[in-house]
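For reference, the structure is listed below as structure tokens.
The values are calculated or read from the model by the stated rules, or taken from the named source; none is laboratory data. Everything quoted here is computed from the prediction, not taken from an experiment. Note: ideal-geometry Cβ built from the backbone for every residue, glycine included; neighbour counts use all protein chains shown.
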Amino acid sequence: MEKRTIAVAMSGGVDSSVTAALLKQAGHEVIGITMRLWDGPTGHIEDAARVAAHLGIDHHVAELEPCFKAEVMDYFVAEYARGRTPNPCARCNKLLKFGALLDKARSLGADALATGHYARIVTGSDGEPHLVMAVNRKKDQTYFLFSLSRELMRSILFPLGEVEDKQRVRELAAGFGLPVAAKDDSQDICFIPGDDYIAFLQGAGISSAPGDFVLADGRVVGRHSGIHRYTVGQRRGMGIAWSEPLYVLSIDAAANRVVVGTETELYRDGFFISDCNWIVPPDSAPFPSSCRIRYRQLPVPCTVAVLSGGRAEVRFDKPEKGVTPGQVAVFYQGDEVLGGGWIE
């Protein structure tokens, strides 16, 4: 195997630490890089530095706070203000991990960047890199990686994509003697203390002006305490007395209204996406695929029609519920990621 200089995005967690250890064990020259993303606790940086010292590799800190605030944190707040539900991890991967961090890795002399993502990059019979699901389907993170390109994938490694389960990762961590072997997995949104996004949004100055809960026909059925508290598909926390359970169907930020209805009304035949990225260039004609419209969902059959201006129309084979503006839709052919876009 060719020995390379590989930078590892070290978050201070188990996954990225095992990634670094596996690459060091394989004989590569490994450099650790940890992103400083906001003015908050630095425990992750200290943990990453401890792991790097244990492995005997250089460790660097990438100062990316201004970029992260502008491109991820401010975006997160702005999307909620628009009545949309943002996906900060997908945006961070595109602009920070495989943008600014990859640039930092190259500046340090690395010819590849490795992360602890559960995904695989395989070379096809066409000689091109292909993004496919991880062996560990429960942890598969290809949903967040749809914005990659084949050019980028030539400089990216996902060593954990072949590991069968998380328990095996922890066994490897213990075997390497890593000081974070027993560390808990990180929370979903790294910059929100205690995962309390309501407090974070209000601290960022988002309006919590009360408004109406309305049915699809406009009838007022209650009062809400700020549109940022709700997302499509939500059932709990509305306090509406009704003959059957009501769910959030949509959010009208301009009118400060939350539209609610029955579970049946949540189902959609299709939707539109924008800002599409196609790893595998599609035919111009509508093509069959399967898609995920949220991270934990299994891909469901659909047909995709590519439109002009980086948009596409998606039609489900059978109606699906929970189509949420601001989230991403990712398309698959079997295990392979074809591309994706942002739900309008």
TODO: Kindly provide the set of residues from the range 125-167 that are more than 19 Å from the chain's Cα centre (by Cα) and either exposed (fewer than 14 other Cβ atoms within 10 Å of the Cβ) or part of a loop (DSSP other than H, G, I, E, B) (or both), ordered by number.
DONE: S125, D126, G127, E128, E151, R154, S155, E162, V163, E164, D165, Q167
- [ ] Would you check if V77 is among the β-branched types (V, I, T) and part of a helix (DSSP H, G or I)?
- [x] yes
Task: G237 vs. criteria on the phi > 0 side of the Ramachandran plot and not assigned by TED's automatic domain parsing to the domain that holds E313 - done: yes
Open item on the list: Quick check on the range 48-70: of everything there that is more than 18 Å from L22 (Cβ to Cβ) and surrounded by 19 or more Cβ atoms within 10 Å (Cβ to Cβ), which residue is farthest from the chain's Cα centre (by Cα)?
Closed with: A62
Open item on the list: Need a quick list: strands (runs of 3 or more DSSP E) entirely within the range 268-344 having at least 1 residues that are without any contact (Cβ under 8 Å) to a residue 40 or more places away in the chain and buried (at least 17 other Cβ atoms within 10 Å of the Cβ).
Closed with: 300-306
TODO: Would you check which residues across the range 221-253 are in a strand (DSSP E or B) and either over 30 Å from the mean Cα position of the chain (by Cα) or modelled with pLDDT under 95 (or both) and list them?
DONE: V221, G222, R223
Open item on the list: surrounded by 11 or more Cβ atoms within 10 Å (Cβ to Cβ) and out of contact with any strand residue (DSSP E or B) (no Cβ under 8 Å at 6 or more places or on another chain): which single residue out of L215, L172 fits that description?
Closed with: L172
Task: Subset tally (residues that are under 23 Å from A119 (Cα atoms), modelled with pLDDT of 90 or more and of a type outside the set (V, I, T)) for the range 165-211 - done: 15
Open item on the list: Being out of contact with any Pro (no Cβ under 6 Å at 6 or more places or on another chain) and under 16 Å from T324 (Cα atoms): is that true of N87 here?
Closed with: yes
TODO: List the number of the failed condition for I57; all other conditions in (1) under 25 Å from D165 (Cα atoms); (2) at pLDDT 95 or above; (3) not hydroxyl-bearing (S, T, Y) hold.
DONE: (1)
